[in-house]
Amino acid sequence: MLQIKNLQKSYGGHLVIQVPDLVLSEGIHWFKGANGSGKTTFFRTLAGMLPFEGEIQLVEWGIRKQPIDYRLHINYGEAEPDYPEFLTANDLIQFVATAKRASESQVDSLIEMLGIEPFLYQPTGTYSSGMLKKTSLALAFLGSPKVIILDEPLITIDDATVQRVYELVRDYHAKGVTFLLSSHQDFRFNALPIKQLFEVKDKKITEISPSAG
Amino acid sequence: MIKQQVMIPVLNILRKTLVVEYYRLNTGFLFLVLMFAFGILRPEDHIALSAYVFASPFLLGLVFAFFGLYHLKTIFFVRQRLLWDSHDFLFQLVLIPKWQRWLALLYVQAMLWLPVVLYAAFVGYYGWKIGQQNAVIATYSYILLIPFTAVASYEYRLFRPNPDTKLSAFSGYLNRRFTKPYWSYFILYLFKDNPVLLFLTKGFTCFIVLGVCKIYPTDHYDERLLSLGALTIGMVHSVLLLHLYEFEHLQLPLLRNLPLSLRQRSIQYLQLFALLILPETLFLVRYLPKGVSWVYAIQWWGFILGLLWLIFGRFLQRHYVMDTLLRQGFYAFFVGFFLIMFRVPTALLALTTLLLGIYLFHRFYYQSEYIVHKEGLKIRPES
């Protein structure tokens, strides 16, 4: 599904993460790591949001050779989303939905599922962190992605929304979507069928056994 | 003695958090104003100009309005800083006696207001010498009294932290009725978070168009004068383009995850740039001097557009901060100046800058990254 070769990501000459060879097959993958371990940088790199050295391929699409197809099939939900304060959730959702070629019915269903309707037309500057998180989750599920990356998807949202996120992940997973999830809290993804567990530490990504998680 | 001991640390904190930061962030803006004010006009031109201004209440009013805009810019900066979480400790100022607090805030405003004071002192001296005492007294009174309005405004904010954001029924209706198009995002950002920068930039650039168009028939200038105006307008937009670069990286990082081709993205930027220079375009259309062809006007427009592409492309190629921008802008202006003076055709300049800018955009769009920590540059809304 996702092949990563010789990936190196540095900020101003300082190496943050290095992945010599990693193949992620279809399924739900959990990336653990302390704050500042490089999880977000790794995820943002996979989402095509940061420059890097190396190669990343999603199914048959290379991130550099087929940048549009690649980005059409990989979505990303920010850990701590922050949007221009004058835009509404509706503005953001419609903008991303058009780019990701999402149907109107999918947009409506995500808005309903994540409980965005009450603040859909309010500027994001008035949102709480939970409302921002719900908006970013809706954006991450838009279109027909093959891979959805969710960075700390369960922080700042209430328990009812957590259950809905589990439901969405299970639904999309049943349709063949691969998930890359991150959380520094051990217990949070027990409700999901995790296929592989990785630890992001010392600028490396290592697979660990589920019992170690 | 004790009071003095209280005041010195307070003034030090205010100087470091507000005054130094203001000048650090506005180095580019002040440098550009300085470059165009004293690079193009000689000191004797300023003295002659001040003689006209002091003699005309209307022109003096206009100058007061310009100073007022700068005053608003400084107020906007300080009030925004007071909304930052990192600057919450400044609200402790309410604990010190009122007169000391007012003195401290007056110190801040006086430091931010210093460029205007120095300029007014310079031209006022000559105004006094030519016998325009009343106008000079009016100017000095204005310059000395207006900082108190800023102090009152800061005092208001200190006693009313965390302002509520009120949504009007009209904006609610607009949000329901329309979805904002992508090309409007940056323009809305400027109106919302940087209105003074936007109005100062546009006021200045439209004044340049008006100036070169009006001066054109009165002298034996050729089209190079208009081209120099275009170069100046393009360079003045550097600060706005730096904001665009920061805005997209910090507030819309999701843009780079969207499956849009570089061609689609180029079209979006083209729409945005054309919209940004719409006021200058309208001014040129309105005041185009007789004898200047429409073909040249199109080349002139293309040259500004090309400069915008080129500057934005350079931001993508290399992460700039204001200090670097300043140096590069200075060199670029002089290169452009000599090319125009050596009669390099405007069409060629337009084509070269456009092609170079679009090349840089295609080459570096996905390579570009913002490496400064975002919290340090976060813009908070003004109430």
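The values are calculated or read from the model by the stated rules, or taken from the named source; none is laboratory data. Here the structure is a predicted model, which is why all the values come from computation and not from measurement. In this analysis, Cβ positions are derived from the backbone assuming ideal geometry, glycine residues included, and neighbour counts consider all displayed protein chains.
Against the conditions (1) within 11 Å of chain B (Cβ to nearest Cβ); (2) more than 25 Å from B:I371 (Cβ to Cβ); (3) buried (at least 17 other Cβ atoms within 10 Å of the Cβ), A:I63 satisfies every one except (2).
Listed here are the residues, each with its yes/no results for (1) away from chain A (no Cβ under 14 Å); (2) over 28 Å from the mean Cα position of the chain (by Cα); (3) modelled with pLDDT of 90 or more; (4) not in a helix (DSSP H, G or I).
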| position | (1), (2), (3), (4) |
| --- | --- |
| B:F148 | yes, no, yes, no |
| B:G172 | no, yes, no, no |
| B:V196 | yes, no, no, no |
| B:I208 | yes, no, no, no |
| B:V212 | yes, no, no, no |
| B:R224 | yes, no, no, no |
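For region B:111-129, the set of residues classified as within 19 Å of B:E44 (Cβ to Cβ) and out of contact with any helix residue (DSSP H, G or I) (no Cβ under 6 Å at 6 or more places or on another chain) consists of B:L118, B:Y119, B:A121, B:F122, B:Y125, B:K129, listed by residue number. Any residue that is within 25 Å of A:T40 (Cβ to Cβ), within 13 Å of chain B (Cβ to nearest Cβ) and assigned to a helix (DSSP H, G or I) - is there at least one of those in region A:75-88? There is no residue in region A:75-88 that is within 25 Å of A:T40 (Cβ to Cβ), within 13 Å of chain B (Cβ to nearest Cβ) and assigned to a helix (DSSP H, G or I). Only one entry of B:R177, B:R157 meets the criterion of being within 29 Å of A:F119 (Cβ to Cβ) and away from every other protein chain (no Cβ under 14 Å), and that entry is B:R157. Put simply, of A:L132, A:L137, A:L110 the only residue that is buried (at least 18 other Cβ atoms within 10 Å of the Cβ), away from every other protein chain (no Cβ under 11 Å) and in contact with a Gly (Cβ under 6 Å, 6 or more places away or on another chain) is A:L137.
Taken as a whole, region B:265-281 holds no residue that is out of contact with any Cys (no Cβ under 9 Å at 6 or more places or on another chain) and modelled with pLDDT under 90.
Scanning region A:36-53 for residues that are within 17 Å of A:I4 (Cα to Cα) and in a loop (DSSP other than H, G, I, E, B) yields A:G38, A:A47, A:G48, A:M49, A:L50, A:P51, A:F52. From the list A:I17, A:I4, A:I56, A:I68, the lone residue that is facing chain B (nearest Cβ under 10 Å) and not in a loop (DSSP other than H, G, I, E, B) is A:I68. Scanning region B:249-281 for residues that are within 10 Å of chain A (Cβ to nearest Cβ), outside any helix (DSSP H, G or I) and under 19 Å from B:G357 (Cβ atoms) yields B:L260, B:S261.
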